[in-house]
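Below is one structure, written out as structure tokens; the observations come after it.
The values are calculated or read from the model by the stated rules, or taken from the named source; none is laboratory data. None of the values given here were measured: they were computed from a predicted structure. Quick reminder, even Gly has a Cβ in these numbers, built from the backbone with ideal geometry, and neighbours come from all protein chains shown. Keep in mind that these areas ignore ligands, DNA and RNA; they rest on the heavy atoms of the full protein, side chains included. Shrake-Rupley method; radii C 1.70, N 1.55, O 1.52, S 1.80 Å.
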Amino acid sequence: MSEAYEGYEISHERICEGIEQEAALCAQTLRHVDPARPVGTCPGWTVNHLTAHLFQAFTWAAGLVETRAAEFVPPHVFVAAADDDRWGKHTGTWAEYVDELIGVSMEEAASLGGAEARARWVQGAADNLVAALRRAGPDADVWNSFGTGGARFWASWGALETAVHRADTELLLGHAPDSVRLSPELSLDSVRFWLRAVTAPGAEAFFGPGIGALAGDGESLRFRARDVMGGAFADWLVERTPTGPVLAADDGRRAGVTVAGRAGDLLLLLKRRVPPREAAVEVTGDVRLLEHWLAHVMV
């Protein structure tokens, strides 16, 4: 069965509610952690980095949706303290640009005066995104990297960002990976969104040159969520073709490796928050295919 929940499409409003809920949980944790504490699931980042990144992510998406951007507009345009003369001439990779731009908002966060103020700052940015999404509705024309989907793309993107970074904060507090509870319906949408994103044409621009190493000669990976409504399951089959990975039509073939579990656990694995041997998933077949995928999908 390919995407067994194809007939069940999560609503735009439910995704907006999910962003609100996850952002509130994330902000609550941010109130109680040392901003200088390293975030183990985001190498090189502290809680300060994560806080600034969340603010910028929400602010960027809200700006694109609110202005009905017809073409790519970089995040610094919507970050008040960013200097367009500097950031508009940035020549590094997307990942380098994002990491360096975070410093602008880290300085802003430091001026806010405490954990409570920083948590409200992030929550406010999330609220602005949700308000923009609700005003726009799912079908508003807004630039996105898929080329289709409009504002609905940014709703799914926002839900994924919020849920994964909320998980970062819970793992930071020492919670076991299988105790991090993500919404099954939102996680289904996020897994589908993520796999579409990393297999879309031009994915290298946002995920790095490592995507090129995921080209292949027909090797396949199946990701199966077992917690779909009604006891069904959802499948996504990724095939490594000579021109890069693609989401393939599921013809019932046996994949080189199959990864099965709850949608939320699949999401944490796919986003490299939990290594395969620690994830609450079942892996059958050639685990080396999965390890290779995870090693190159965001490099």
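Structure notes:
- For segment 217-297: rounded, prolate or oblate by the Cα gyration tensor [a/c cutoff 1.5]: oblate
- Accessible surface, per residue, of segment 131-197 when the full set of protein chains is kept, probe 1.4 Å, Å²: 34 Å²
- DSSP bridge pairs, segment 146-290: antiparallel proportion in percent, nearest 5: 75 percent
- For the pair Leu294 and Arg68, label points projected 7 Å from Cα toward Cβ lie 4.4 nm apart.
- Gain on full stretching of the segment that runs from Thr243 to Ala205 - 0.36 nm per residue minus C-alpha separation: 12.2 nm
- Cα gyration tensor, segment 112-222 - rounded (a/c under 1.5), prolate or oblate: oblate
- Surface/4 estimate of mean projected area, convex hull on alpha-carbon atoms of the chain, nm²: 14.8 nm²
- Extension gain, Ala81 back to Leu25 (0.36 nm per residue minus Cα-Cα distance, nm): 17.5 nm
- Taking all Cα pairs closer than 8 Å and separated by 6 or more residues, the relative contact order of segment 128-170 comes to 28 percent.
- Between Arg166, Arg224, Arg254, the GNM of the chain built on Cα springs shorter than 10 angstrom shows Arg254 fluctuating the most.
- Contact order for segment 201-287, expressed relative to its length and based on alpha carbon pairs under 8 Å spaced 6+ residues apart, stands at 26 percent.
- Solvent-accessible area assigned to carbon and sulfur over the chain amounts to 52 percent, based on a 1.4 Å probe.
- Segment 80-141: C-alpha gyration tensor shape, a/c 1.5 cut-off, then a/b vs b/c: oblate
- GNM on the chain, alpha-carbon springs under 10 angstrom: the most fluctuating residue among Leu221, Leu173, Leu186 is Leu173.
- Computed helical MRE - 222 nm, the chain, DSSP H runs ≥ 4 contributing -39500 (n - 2.57), nearest 500: -15500 deg cm²/dmol
- Choice from Glu71, Glu161, Glu239 showing the highest fluctuation, given a GNM over the chain with Cα pairs closer than 10 Å: Glu71
- Relative contact order of the chain, taken over Cα pairs closer than 8 Å and 6 or more residues apart, is 21 percent.
- Each Lys and Arg adds +1 at its Cβ and each Asp and Glu adds -1 at its Cβ; summed about the Cα centre, the chain shows a dipole of about 400 debye.
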